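Below is one structure, written out as structure tokens; comments come after it.
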Amino acid sequence: MTSHLIHRRLTSDYPVIAHGDGVFLYDRDGKRYLDGSGGAAVSCLGHRHPKVTAAVKDQLDRIAYAHTAFFTNAPAEELAEWLTARAPEGFGKAMFVSGGSEATEAALKFARQVQVERGEPRRTRFIARQQSYHGTTLAALAVGGHVARRRIYEPVFDAGLLDGAMSRIAPCYAYRHRRPDESAEAYGARAAAALEAEIQRVGPDTVAAFVAETVVGATAGVIPPAPGYFRKIRRICDRYGVLLILDEVMCGMGRTGALYACEQEQVVPDILTAAKGLGAGYQPIGAMLARDEHVDTIAAGTGAPDHGHTYLAHTTACAAALAVQKTIEEDNLLENVQARGAQLMTLLQQRLGQHPHVGDIRGRGLFVGIELVEDRDTKRPFPPEHRLAAKLKSTAMRNGLVCYPASGTADGINGDHVLLAPAFIIGESEVEMLVDLLERSLGEAVGAVQSAGGEAQRRSATG
Ligand SMILES: Cc1ncc(COP(=O)(O)O)c(C=O)c1O
């Protein structure tokens with residue numbers, strides 16, 4: 001069949017999705033897949049949840065869309081109330097956009113506007129971290145540290161677009177950066193100190209905000225911060241008048257076992273973003289929450305956040321997200337995230353903890369990363385040309401498992417990991433099935449990579 005769609009990979013054929021049910025997906029040929037990663041940590045309620053589909057249909061029966069320059073709407077108001085009532089102290093307002101990248105753009109612009117309106121127009125710079133991902137639109141890409149996704153746009157950034165506005169410090173990544181003689185806390189303090197050094201380097205009165213994922217997601221394969229890291233980051237931001245933006249697009253909304261991942265770090269940011277699990281894939285939606293003092297600064301100044309989209313606070317998207325969030329709370333799903341997350345981690349440690357090519361298994365709640373290495377002792381990654389992550393993805397799909405492998409884990413170019421983020425409704429036997437399918441797929445993918453590598457070596461030796 002000729003496809004007229006611009007696919008993510010123009011040379012790939014994709015199975016056509018037909019329907020979903022709970023934690024399973026079914027393609028048009030009737031093949032079943034266990035959704036072990038909710039796509040990219042999106043489908044936190046699984047598929048075809050009756051309460052959410054009913055809420056979406058009900059909303060569409062009332063009104064599909066009304067522009068926010070003319071009207072507000074009940075689902076958006078109620079969703080903002082719901083999220084702020086459960087947010088860390090001091091977050092009284094939220095803005096709704098259509099996804100994670102838009103939430104990042106809104107957060108960056110909001111931070112800049114706050115700095116300007118509180119009389120600090122020289123603050124134009126943003127500091128983020130290497131191996132971070134904040135989205136694919138140009139400013140979100142410019143601030144993030146995803147080497148592969150930035151590569152062809154670097155000259156565009158250098159040519160003037162956001163030139164000089166963004167810089168990055170090392171991630172807080174204990175598996176690769178903590179010294180053997182260092183405690184977890186000491187490493188966290190050292191990693192956070194990099195922010196102070198960078199603020200000093202670029203000029204303390206020029207920095208608008210520091211941006212970080214509370215738990216790193218897709219670029220480096222689920223890295224929870226070292227103990228105390230974010231509390232020290234918070235103190236540094238306060239010392240220098242720098243706003244702290246925490247990106248919880250992937251790790252937020254219950255994925256780590258708390259509605260806001262920053263609660264688990266006892267840290268309160270200035271601006272917080274969320275997206276994927278917010279609407280659980282039932283509708284595209286992202287959110288930016290800002291502390292009252294910052295909203296008040298703009299209210300007392302220009303009176304208008306300088307940021308708007310046609311689909312701000314979309315009625316159906318907000319109705320879907322509200323139903324998702326109510327379901328998570330009413331069904332006590334965060335308890336299941338913690339229980340099934342603990343089960344998943346134990347099983348992975350038992351089954352893969354001693355695997356010769358598993359370097360690290362880490363995570364929080366139902367958010368888990370497994371870093372793959374060629375050599376466990378030296379932590380040497382597989383050569384990037386072996387494309388282990390891509391092989392694991394296709395092998396897992398063949399075996400009926402959707403998981404989220406990616407490469408560039410170690411330094412942006414080298415390294416592979418697989419990310420797991422199953423739905424919060426996953427059951428005990430489904431967690432077992434997930435680990436079975438992953439173990440089998442990993443064995444087959446590593447085997448394929450090794451035999452292809454051996455074959456290449458033989459060819460170069462003989463040829
Ligand atoms: C932490 C983080 N921020 C931002 C984004 C961008 O979100 P979206 O793909 O919805 O634009 C992502 C997407 O993976 C993400 O993981």
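For segment 344-357, which positions are free of Cβ contacts under 8 Å to residues at least 40 places away in the same chain and in contact with a strand residue (DSSP E or B) (Cβ under 9 Å, 6 or more places away or on another chain)? Step through it out loud before you land on a result.
Let us first name the residues in segment 344-357 that are free of Cβ contacts under 8 Å to residues at least 40 places away in the same chain, namely 345-346, 349-350, 353-354, 356.
Of everything in segment 344-357, those that are free of Cβ contacts under 8 Å to residues at least 40 places away in the same chain and in contact with a strand residue (DSSP E or B) (Cβ under 9 Å, 6 or more places away or on another chain) turn out to be M345, Q349, G353, P356.
Restricting attention to segment 161-186, which residues are acidic (D, E) and part of a loop (DSSP other than H, G, I, E, B)?
In the first step, residues of segment 161-186 are kept if they are acidic (D, E); the result is 163, 181-182, 185.
Matches in segment 161-186: D163, D181, E182.
Exactly one condition in (1) at pLDDT 95 or above; (2) open to solvent by 40 Å² or more (accessible area, probe 1.4 Å); (3) within 16 Å of the ligand (Cβ to nearest atom) is false for R8; which is it?
(1)
For D27, work out the one condition from (1) in contact with a Pro (Cβ under 7 Å, 6 or more places away or on another chain); (2) surrounded by 17 or more Cβ atoms within 10 Å (Cβ to Cβ); (3) in the same structural domain as L401 (by TED's automatic domain parsing); (4) not hydroxyl-bearing (S, T, Y) it doesn't fulfil.
For D27, the failing item is (2).
Going by the conditions given, is P204 out of contact with any Leu (no Cβ under 7 Å at 6 or more places or on another chain) and within 16 Å of the ligand (Cβ to nearest atom)?
no
Which of the residues spanning segment 296-306 are open to solvent by 30 Å² or more (accessible area, probe 1.4 Å) and of a type outside the set (D, E, K, R)? If you could, list the steps in order and put the result at the bottom.
Within segment 296-306, the subset open to solvent by 30 Å² or more (accessible area, probe 1.4 Å) is 296-297, 299-306.
Across segment 296-306, the qualifying residues are T297, A299, A300, G301, T302, G303, A304, P305.
Output the residue which, of all residues in segment 113-124 that are surrounded by fewer than 21 Cβ atoms within 10 Å (Cβ to Cβ) and touching a residue at least 60 places away in the same chain (Cβ under 8 Å), is nearest to A313 (Cα to Cα).
Here is the first cut: in segment 113-124, the residues surrounded by fewer than 21 Cβ atoms within 10 Å (Cβ to Cβ) are 113, 116-122, 124.
Of the ones still in play, those that are also touching a residue at least 60 places away in the same chain (Cβ under 8 Å) are 113, 117-118, 120, 122, 124.
Details: Q113: 20, E117: 24, R118: 27, E120: 30, R122: 31, T124: 28 Å.
The selected residue is Q113.
Anything in segment 26-56 that is of a type in the set (S, T, N, Q) and within 16 Å of the ligand (Cβ to nearest atom)? List them, or say none.
Applying the first criterion (of a type in the set (S, T, N, Q)) to segment 26-56 yields 37, 43, 53.
If the condition is that a residue be of a type in the set (S, T, N, Q) and within 16 Å of the ligand (Cβ to nearest atom), then S37, S43 are the ones that fit.
Pairs under 7 Å by beta carbon, first residue within 17 Å of R9 (Cβ to Cβ) in segment 140-153, partner open to solvent by less than 20 Å² (accessible area, probe 1.4 Å) and part of a helix (DSSP H, G or I), six or more apart or different chains?
Close Cβ pairs satisfying both conditions: R149/L141.
May I ask you to list the residues in segment 218-235 that are more than 16 Å from the ligand (Cβ to nearest atom), part of a helix (DSSP H, G or I) and surrounded by 20 or more Cβ atoms within 10 Å (Cβ to Cβ)? Break it down stepwise before answering.
First, pick out the residues of segment 218-235 that are more than 16 Å from the ligand (Cβ to nearest atom): 226-229, 231-235.
Now narrow it down to the ones that are part of a helix (DSSP H, G or I): 229, 231-235.
Once the filter is applied, which keeps residues that are more than 16 Å from the ligand (Cβ to nearest atom), part of a helix (DSSP H, G or I) and surrounded by 20 or more Cβ atoms within 10 Å (Cβ to Cβ), segment 218-235 yields Y229, K232, I233, R234.
Please go through segment 197-217 and give me each residue that is open to solvent by less than 10 Å² (accessible area, probe 1.4 Å) and more than 18 Å from A258 (Cβ to Cβ), ordered by number.
Once the filter is applied, which keeps residues that are open to solvent by less than 10 Å² (accessible area, probe 1.4 Å) and more than 18 Å from A258 (Cβ to Cβ), segment 197-217 yields I199, V207, A208, A209, F210, V211.
Filter segment 432-446 down to the residues that are in contact (Cβ under 8 Å) with a residue 24 or more places away in the chain and either crowded, with 24+ Cβ neighbours inside 10 Å or closer than 22 Å to H386 by Cα (or both) and list them by number.
Step one: list which residues in segment 432-446 are in contact (Cβ under 8 Å) with a residue 24 or more places away in the chain, which gives 432-435, 437-442, 444-446.
Selection gives L434, L437, L438, E439, R440, S441, L442, E444, A445, V446.
Any residue in segment 300-322 that is at positive phi sitting within a Cβ distance under 9 Å of a residue that is part of a loop (DSSP other than H, G, I, E, B)? List the pairs, counting only those 6 or more apart or interchain.
Listed pairs, sorted by first residue: A313/T68; A313/T72; A313/N73.
I need the full set of residues from segment 36-66 which are touching a Gly at 6+ places or on another chain (Cβ under 7 Å) and closer than 15 Å to G252 by Cα, in order please.
Here is the first cut: in segment 36-66, the ones touching a Gly at 6+ places or on another chain (Cβ under 7 Å) are 39, 41-44, 46-48.
Across segment 36-66, the qualifying residues are A41, V42, S43, C44.
So how many residues does segment 91-104 have that are assigned to a helix (DSSP H, G or I) and surrounded by 24 or more Cβ atoms within 10 Å (Cβ to Cβ)? Walk me through it before giving the result.
Start the filter on segment 91-104 by keeping residues that are assigned to a helix (DSSP H, G or I), which leaves 100-104.
Adding the requirement that they be surrounded by 24 or more Cβ atoms within 10 Å (Cβ to Cβ) leaves 100, 102-104.
Adding up the residues that qualify gives 4.
When the residues of segment 166-181 are narrowed to those that are open to solvent by less than 20 Å² (accessible area, probe 1.4 Å) and not β-branched (V, I, T), which ends up farthest from Y229 (Cα to Cα)?
Here is the first cut: in segment 166-181, the residues open to solvent by less than 20 Å² (accessible area, probe 1.4 Å) are 167, 169, 171-173.
Add one more test, that the residue is not β-branched (V, I, T), and what stays is 167, 171-173.
Numbers: S167: 19, P171: 11, C172: 8, Y173: 11 Å.
Only one residue fits best here, namely S167.
Give me a count of the residues in segment 38-88 that are open to solvent by 40 Å² or more (accessible area, probe 1.4 Å) and in a loop (DSSP other than H, G, I, E, B).
Matching residues across segment 38-88 total 10.
Given the criterion within 15 Å of the ligand (Cβ to nearest atom), buried (at least 24 other Cβ atoms within 10 Å of the Cβ) and assigned to a helix (DSSP H, G or I), identify the matching residue among L272, L278, L246, L289.
L278 is the lone residue from the list that is within 15 Å of the ligand (Cβ to nearest atom), buried (at least 24 other Cβ atoms within 10 Å of the Cβ) and assigned to a helix (DSSP H, G or I).
If only one of G303, G257 is among the small types (G, A, S), more than 13 Å from the ligand (Cβ to nearest atom) and more than 22 Å from the chain's Cα centre (by Cα), which one is it? Before you say what the answer is, go through the steps one by one.
Working: G257 fails: more than 22 Å from the chain's Cα centre (by Cα).
After applying the criteria, what remains is G303.
The values are calculated or read from the model by the stated rules, or taken from the named source; none is laboratory data. Bear in mind the structure is a predicted one, so any value in this text is a computation, not a measurement. FYI the Cβ positions are ideal-geometry reconstructions off the backbone, even for glycines, and counts take in every protein chain you see. Side chains are part of the model used for accessible areas, which takes the heavy atoms of the whole protein and leaves out ligands, DNA and RNA. Shrake-Rupley method; radii C 1.70, N 1.55, O 1.52, S 1.80 Å.
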